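Student: Let me begin by handing over the structure; questions about it come next.
Each value in this text was obtained by applying a stated rule to the coordinates, not by laboratory testing. These numbers come from a predicted model, not from an experiment. Glycine gets a Cβ as well: all are built from the backbone with ideal geometry, and neighbour counts include every protein chain shown.
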Amino acid sequence: EVVVRLRGVYKYYGEKIAALRGVDLEVCRGEFVAIVGPSGSGKSTLISLVAGLDRPDSGYVEVLGERISGWPPGRRAVWRRRSVGIVFQFYHLFPLLTVLENVVLPMKLAGVFRGRERERALELLELVGMKDKAGRYPGELSGGEQQRVAIARALANDPPLILADEPTANLDTLNKRRVVELLEEVHEMGKTVVLTTHDPGLAGRADRLVCLVDGAVVRCGGGAG
Ligand code: ADP
Ligand code: ADP
């Protein structure tokens, strides 16, 4: 079962920059796909289209059976809450909310685990080894700790698809390893995982590598496919 399908996707920034030029891509349920390639090759752009954060200029994007690229931003935002969890390079936690509140918030917005948000958030924080810091603020945490909280938050609404954009790029070796292990656990839970990375230690855990060069998918070795 295909959960992500891109067909003939072009994305331009302004008139001159073609970030993606004719990308075709399919990801099946339960796959762990790493998108690799040089800086500026369009990896982040691809993730943002799959997340429905942006839309292509031509071609289409289907995620979980919905052609989200045809939808207006508001509809994509509502869909995104229940369908995908996103982990960013710079964590993007709300600085004025505690760790616990950061994980509770997406559940409140989606209304999926009504009345059980706090309990579930604590379970997820336990999973990522951050339960003891539930009352802290993001600014009091290291980068690695913030990223673990971000992973808990991405799982909050139990989305089938987890996306991550360079999730280990700013972490030291030990935290990199912890985040890589957590993403593997997320995959083993049955989630489909699509992420971008420059980190061979993370790319090496993927079922399949997709290589982007100048906005196009090219053949590449490595991984299991
Ligand atoms: P090698 O197999 O030469 O040791 P690495 O360990 O550096 O390769 O990377 C593991 C896999 O991830 C390789 O298949 C490589 O193609 C891919 N990879 C890692 N970083 C990049 C990158 N910046 N650009 C393209 N591919 C990358
Ligand atoms: P990667 O993630 O592989 O580094 P990106 O998707 O971030 O690549 O960028 C692809 C190309 O699009 C690059 O040339 C980049 O400079 C350009 N780009 C990305 N985002 C924007 C933006 N918001 N405005 C203008 N150009 C952008």
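Student: Stretched out fully, how many nm does the piece from Glu15 to Asn170 gain, at 0.36 nm a residue minus the Cα gap?
Tutor: 52.6 nm
Student: With both bridge residues required to lie in the chain, what share of the DSSP beta bridges run antiparallel, to the nearest 5%?
Tutor: 50
Student: For the chain, set up a GNM with springs between Cα atoms under 10 Å and report which of Arg177, Arg114, Arg76 has the largest fluctuation.
Tutor: Top of the fluctuation ranking is Arg114.
Student: If you don't mind, another one. Rounded to the nearest 500, what is the 222 nm mean residue ellipticity of the chain from helices alone, with -39500 (n - 2.57) per DSSP H run of 4+ residues and division by all residues?
Tutor: Calculated from helices alone, the mean residue ellipticity at 222 nm is -10000 deg cm²/dmol.
Student: Can you pull out the chymotrypsin sites (Phe, Trp or Tyr not before Pro) in the stretch 26-120 that DSSP calls coil and that have at most 14 other Cβ atoms within 10 Å?
Tutor: Phe90
Student: Right, another one. On a C-alpha basis, how far is the centre of the stretch 86-119 from the centre of the stretch 158-186 in Å? Whole number, if you could?
Tutor: First find each Cα centre; the distance between them is then 17 Å.
Student: Also, I was wondering about something else. Quick check for you: which residues of the stretch 79-96 have the amide N under 20 Å from the point 7 Å beyond the Cα of Ser142 toward its beta carbon?
Tutor: Within reach of a label on Ser142, which here means backbone N under 20 Å from a point 7 Å along Cα→Cβ, the stretch 79-96 contributes 88-93.
Student: If you don't mind, another one. Please determine, in degrees from 0 to 90 and to the nearest 10, the orientation of helix 99-110 with respect to the longest principal axis defined by the Cα atoms of the chain, where the helix direction is its Cα long axis.
Tutor: That works out to roughly 60 degrees.
Student: If you don't mind, another one. Pairing the Cα long axis of helix 73-83 with the longest principal axis of the chain, what angle in degrees results, from 0 to 90 and rounded to the nearest 10?
Tutor: So the inclination is approximately 60 degrees.
Student: May I pose another question? Determine the gain in length on full extension of the stretch Val78-Glu184; use 0.36 nm per residue of separation and subtract their C-alpha separation, reporting nm with one decimal. Could you put the intermediate results ahead of the total?
Tutor: Values: separation 106, 0.36 × 106 = 38.16 nm, distance 2.72 nm.
Difference between extended and current length: 35.4 nm.
Student: Another question about this same structure. Below 8 Å between Cα atoms, with a sequence gap of 6+, how large is the relative contact order for the stretch 52-154 in percent?
Tutor: 30
Student: So for the chain, what percent of the C-alpha to C-alpha distances run longer than 26 Å?
Tutor: On the way: 8589 of 25200 pairs.
That fraction is 34 percent.
Student: List the cysteines of the chain that have no other Cys Cβ closer than 4.7 Å: which are they?
Tutor: Cys28
Student: Quick one: angle between helix 173-188 and the longest Cα principal axis of the chain, in degrees between 0 and 90, rounded to 10, please.
Tutor: Here the helix axis deviates by roughly 80 degrees.
Student: Who wins for biggest fluctuation among Thr98, Thr196, Thr168 in a Gaussian network model of the chain, springs between alpha carbons below 10 Å?
Tutor: Maximum among the listed residues: Thr98.
Student: Could I ask something else about it? Rank Val180, Val99, Val149 by mean-square fluctuation in a GNM of the chain with C-alpha springs under 10 angstrom and give only the top-ranked residue.
Tutor: For the chain, modelled as a Gaussian network with Cα springs under 10 Å, the answer is Val180.
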